[in-house]
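Working notes, beginning with the structure itself.
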Amino acid sequence: MIDTTAFINHLKASTSYREQIAHIEAIPLRPAHYGNLEQPLSKSLEETLLTSRVLPLYSHQASAINAIRRGENVVVATASASGKTLCYDIPVLEAILADKWNRAMYLFPTKALAQDQERALRELASPGILKGIEIATFDGDTPSQLRATIKKQTKILLTNPDMLHLGILPNHGSWARFIRHLRYVIVDEAHAYRGVFGSHVAHILRRLRRLCALYGSSPQFILASATLANPGEHAQKLVGLPFSVVSDDGSPYGGKDFIFWNPPLVDPAKSVRHSSNSEATFLFTELLKKQVRSLAFARSRKLTELIYIYSRDELSRTAPALADKIMPYRAGYLPEERRQIEQGLFSGRLMGVVATNALELGVDIGDLDATILTGYPGSIASTWQQAGRSGRRREKSLSFLIALDDPLDQYFMRHPEALFGRPSEFALINTGNPYILKPHILCAAWELPLKADDASLFGDSFSGAIAGLIEEGYLRNKNDRWYLLPSITYPAQKINIRSTSERNYSIWDTSRDSLLEVVEGATAFFQVYPGAIYLHQGQPYLITSLDVEGHKAYAEPTEVNYYTQTRDITSLKVLKVLQEKIAGHVKVFLGEVEVTAQVVGYRKKMQFTEEVIGEEPLDLPSHVFPTQSLWFDLPPDAEERLADAGLDFAGGLHALEHAAIGLLPLYALCDRNDIGGLSTTFHADTGRAQIFIHDAHPGGIGIAEKGYELIKELWDATSKAIGECPCHDGCPSCIQSPKCGNNNEPLDKEGAKQLLSWLVEKPV
């Protein structure tokens, strides 16, 4: 257990301390609240649970089990480490004890989480209730010789959406007995199923329900989620069924000091701050030197590797015994690499890990005392998930949120109540996205010919998607059924359920002639262009060439003291207005647009200092995709009024666009990288000056729509973020964007403030 007060005093006494602590939220200890079941547990199950020391039940556990016993679909939305697992384990074990034919399927977003939960379930249910193959994980690592046995004998199957999509549903005939007796479907970490991934999973679950109906089963769905603003709505959109919500958390909590850490200003006039990566390195290494087991989160693969390199170098100089007790962790590593790191942290061999959000979910990594969040994770839900990785045994813990130089992070530094005093954001999925819906309809047709009443599963966009697929030559109609054309085989293989891209890019290590890792096709040009420095477990690799047609990048190990960052340009065409309204005294629109994005170059930036040391052009193909966008008019005399005040109209538009994009994740469960934008003094499709804010994914995932709904709240928060920033001309904390393809030119902070004042003022 960490003495948080002593450690905070230690930091304040350090020569590196320059008033970085912006706020300390003392989250108090919370006692447990217990609940009662409407019907008692069976004697054998009660004895098993008593042996495992999980009784008595917390109030939310009892409420969830009571609702499940009544036959309701239930979503449990409570804090990390609140015991949500028992909410579904108990009903599942009861069902299996009552009828040996009952089956349950557990879905986890990652293989690691499924395998971790199998170990925990075996400890709970074996040997008294289930034994051997009756509990099994089924994923890409399952030995082929075990697969037939699992299909026949397993009562609780633990898997992931990828395997359900690729391996189970297309081969449902061999799973007929299991599906026929499927009593429960468990969807754990349901908040992770949002955006593109969530939209894919929603259709996978509909395909599962369709096959259950074929075999005569109608399973109950139990979802476990972090806290959300819309848990019931999200569950219903994900599964397509009504849900009861259990959100009143009865679990105990040991308390936490949550520290908002703002890097010090190095140029007050420009509001330029010290590197957040260096601040994370300082906090992480200081915690380790005090023997505090810690987990540091970073917002990208690249920053994870950078903070690891910085920390390793610092510990090598000041505490050499600790330098080999830290590791980086992120998606892209080979499965065996990730398992080794997880086990190292669980066993205590590792004192600390620097990770992306790949370690945010509930893989058991043992007891940690401190967490560091390098930058706001993109959502309140993720903030609590990441912070909740420390103090998981109800002892007091410590968490840091290190602010980045961006509008949202700095907004929280000045308004901590915006995080601690508000509910989580809305989780968003879009089941009508044609780029996601149509491939899953092809999968459904492969599994079982389609018919008109399948529209009740797939929604209002079903008939249009069917018509499009017939026109494109994928489906044919026969006897009021739609069949795949014979030339279409195994369509599931062509779908990447974690993106709208069909194909990923392989990174090939030319020094060893072996696969290094895989990156998503939609983001490949931002990561593996020729000249890019790609980091893997702290080792820099130079991308020497890119095979666009073969979807392969070639890399070689290198030693450099810089990293690379892309520049891109964007254009946008309005295709269709879907909705419009008056907000304040201007028109706001939601519609379909076509975005063209092209990476045109990259910058070389020094490690530690972030100094730009070079810039190189690139000639890469454009990425063209349709999506959804919001846009809004400005007062008709805005340009004239700004000119009269000596302000730059184009710069004001550009600054407002950047800041609004930065604040939109306040309301929608998304990352800034999920959002794009464009500002212009004249747009050909509207005939006037315009600001567009669009979903950065083909077809859209609902972010622009949520921004359209809450546009006045977005304007108000943006106005505060710009107005309260202490800089004079604009800075990364208010109007500058690290993603800007125009090098943040032009920007006019005062012009943005004036535009916003006219947008938020009441109509005359």
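Rounded to the nearest 20, the size of the Cβ-charge dipole of the range 208-282 about its Cα centre is 360 debye, with Lys and Arg at +1 and Asp and Glu at -1. Each of ALA696, ALA387, PRO109 was scored by the projection of its Cα onto the charge dipole of the chain, and the greatest displacement toward the positive side belongs to PRO109; charges sit on the C-beta of Lys, Arg, Asp and Glu.
Quick check on the range 332-378: take the gyration tensor over C-alpha atoms, sort the square-rooted eigenvalues as a ≥ b ≥ c, and tell me if it's rounded (a/c under 1.5), prolate or oblate.
Values: a/c = 2.00, a/b = 1.23, b/c = 1.63.
Because a/c hits 1.5 or more and a/b fails to exceed b/c, the range 332-378 counts as oblate.
Measuring how big the range 440-494 is from its alpha-carbon positions, Rg and Dmax come out at 10.3, 28 Å.
Extending 7 Å from the Cα toward the beta-carbon at both ASN743 and ASP313 defines two label points whose distance is 2.6 nm. Across the chain, C-alpha contacts under 8 Å between residues 6 or more apart give a mean separation that, scaled by the residue count, equals a relative contact order of 12 percent. Cross-link partners for LYS43 among the lysines, with Cα-Cα distance under 26 Å and sequence neighbours closer than 8 places in the same chain left out: LYS84, LYS100, LYS131, LYS155. The protection proxy used here, the mean number of other Cβ atoms lying within 10 Å of each residue, ranks peptides 653-664, 31-42, 598-609 as follows, highest first: 653-664, 598-609, 31-42. Highest mean packing first, where packing is the average number of other Cβ atoms within 10 Å per residue, the peptides 547-553, 11-17, 404-410 line up as 404-410, 547-553, 11-17. In the calculated pair-distance distribution of the chain, the portion above 49 angstrom amounts to 16 percent of the Cα-Cα pairs. Less than 14 Å from a label point 7 Å out along the Cα-to-Cβ axis of SER218: which backbone N atoms in the range 52-77 qualify, by residue? In the range 52-77, the label zone of SER218 (backbone N under 14 Å from the point 7 Å along Cα→Cβ) covers 71-73. Once the Cα-Cα distance is subtracted from the 0.36 nm per residue extended length, the ALA13 to MET606 segment shows a gain of 210.5 nm. Computed from point charges on the beta carbon alone (+1 for Lys and Arg, -1 for Asp and Glu), the dipole magnitude for the chain about its Cα centre is near 2680 Debye.
Got the relative contact order for the range 565-617 handy, in percent, Cα pairs under 8 Å and 6 or more residues apart? Spell out each step's value before the answer.
Details: 89 pairs, mean separation 19.5, N = 53.
For the range 565-617, the relative contact order is 37 percent.
Would you give the gap between the C-alpha center of the range 92-149 and the C-alpha center of the range 20-45, rounded to a whole Å? Here the answer is 27 Å between Cα centres. Bridge orientation summary for the chain: considering DSSP beta bridges with both residues in this region, about 60 percent are antiparallel.
Placing unit charges on each Cβ (+1 for Lys and Arg, -1 for Asp and Glu) gives the chain a dipole about its Cα centre, and among ASN743, PHE258, LEU634 the Cα reaching farthest toward its positive end belongs to PHE258.
Whole-Å semi-axes of the range 43-246's equivalent ellipsoid, largest first, each the root of 5 times a Cα gyration tensor eigenvalue?
Details: eigenvalues 104, 96, 49 Å².
Each semi-axis is the square root of five times an eigenvalue, giving 23, 22, 16 Å.
Which whole-angstrom value gives the distance between the alpha carbon centres of the range 251-303 and the range 563-591? What the calculation gives is 34 Å, centre to centre. Within the chain, the cysteines lacking any other cysteine Cβ closer than 4.7 Å to their own Cβ are CYS87, CYS212, CYS443, CYS670, CYS740.
Normalised by the number of residues in the range 43-246, what is the relative contact order in percent for Cα pairs under 8 Å and 6+ residues apart?
Details: 310 pairs, mean separation 60.5, N = 204.
Once divided by the residue count of the range 43-246, the mean separation gives 30 percent.
The shape of the range 240-352 comes out oblate: with a ≥ b ≥ c from the C-alpha gyration tensor, a/c is at least 1.5 while a/b does not beat b/c. Just going by the charge dipole of the chain, with Lys and Arg at +1 and Asp and Glu at -1 on Cβ, which of PRO557, ILE533, PHE589 is farthest out on the positive end? So the residue furthest toward the plus end is PRO557. For the range 26-78, rounded, prolate or oblate, judged on the Cα gyration tensor with a ≥ b ≥ c (square roots of eigenvalues), a/c < 1.5 rounded, else prolate if a/b > b/c? Oblate is the answer for the range 26-78, as a/c is 1.5 or above yet b/c matches or exceeds a/b. Counting only Cβ charges, +1 for Lys and Arg and -1 for Asp and Glu, the dipole size of the range 440-494 around its Cα centre is about 220 debye.
Taking a point 7 Å out from the Cα of SER300 in the direction of its Cβ, the residues of the range 532-556 whose backbone N falls within less than 17 Å of it are 532-543.
Can you grab the distance from the C-alpha centre of the range 397-433 to the C-alpha centre of the range 492-557, Å, no decimals? For the range 397-433 versus the range 492-557, the Cα centre distance is 31 Å. Distance between the 7 Å Cα→Cβ label points at LEU515 and SER247: 4.1 nm. Taken over the range 566-760, the alpha-carbon convex hull comes to 125 cubic angstrom per residue.
Going 7 Å from the Cα of GLU713 along its beta-carbon direction, which residues of the range 413-441 have the amide nitrogen within less than 18 Å of the resulting point? Under 18 Å, as judged by backbone N against the label point of GLU713, lie 415-429 of the range 413-441. What whole-number volume per residue, in cubic angstrom, does the convex hull of the C-alpha atoms of the range 97-142 give? Convex hull of Cα atoms, per residue: 83 Å³.
Throughout, read-outs are computed from the coordinates displayed, never taken from laboratory work. Predicted, not measured: the structure shown is a model, and the values here were computed from it. Methodologically, a virtual Cβ is constructed for each residue, glycine included, from the backbone with ideal geometry; neighbour enumeration extends over all protein chains shown.
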